[in-house]
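Undergrad: The structure that follows is given in the form of structure tokens.
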Amino acid sequence: MSLFFTVVETLFNNWTALQLAVEHQLGGTQSKEIAKWMVTVVENFFKENDNVLAQEIAEYMEDLMNNEFNTLCEDGSLEEMGESLCKYFQLIKDGNEAEVILELKKFKGSSVHLSKTTTNHDNSTLNEENDLEGSLQNHREDLDTIRKSTRSEPDEDGWVTVTKGKKP
């Protein structure tokens, strides 16, 4: 597995539009396999073409999302992905693998899959418990807002529009 394959895989795992399409099985029951296949074809696109521009790869990924998931991305993420892929490809081509590896470590995965938080109540005071309860209530409200905002329902034509979400 090449470093650039790892770059593409990491970026795709952090791309909310793709993760939503997979989670909602917009590509059918094979959505996860399609997303894995997309990593390979995007990597090959760079290997088979010289001097790939961000716009070219963004248009290629737009076609993939449309054809494979019946999804249009109008949130600017395609352009952002194109710029990131070109940046990392060039860094690797220039021999800056260490810099790429350091930057990849900053990625944590898509926020689509929310994890459950656990708390330790040992040796806590009443004030700390009250603060914790308030914090948990805020967390629950945030989760409800996120759940409502991440529902992508197809419109009457069967298309799903993925919109840009707010950063926390």
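Undergrad: Under a 5 Å amide H to amide H cut-off, with H placed in plane at 1.01 Å, what residues pair with L72 once short-range neighbours are removed?
TA: V160, V162
Undergrad: Rank by packing, highest mean first: peptides 91-97, 76-82, with packing defined as the count of other Cβ atoms within 10 Å averaged across residues.
TA: Details: 91-97: 12.7, 76-82: 18.6.
Most protected by this proxy first, the peptides run 76-82, 91-97.
Undergrad: Next question, about the same structure. Give me the base-10 log of I(q)/I(0) for the stretch 1-72 at each q in 0.13, 0.20, 0.28 Å⁻¹, Debye formula, one uniform scatterer per Cα, rounded to two decimals.
TA: -0.35, -0.83, -1.41
Undergrad: Something else now. Which one, Q90, N70, I101, is farthest towards the positive end of the dipole of the stretch 61-113 when Lys and Arg carry +1 and Asp and Glu -1 on their Cβ?
TA: I101
Undergrad: For the pair N13/E156, report the inter-label distance in nm, with labels modelled 7 Å from Cα in the Cβ direction.
TA: Roughly 4.2 nm, to one decimal.
Undergrad: For labels at T29 and D75 in the simple 7 Å Cα→Cβ model, what's the distance in nm?
TA: Simple spin-label model gives 2.8 nm for this pair.
Undergrad: For the stretch 56-110, what does the relative contact order come out to in percent, with C-alpha contacts under 8 Å and a separation of six or more? Don't jump to the answer; show the numbers that get you there.
TA: Working: 20 pairs, mean separation 14.1, N = 55.
In percent, rounded to a whole number, it is 26.
None of the figures in this text is laboratory data; all of them are computed from the coordinates on show. Because the structure is a prediction, the values reported are computed rather than measured. Here the Cβ is made from the backbone with ideal geometry for all residues, glycine too, and neighbour counts use every protein chain on show.
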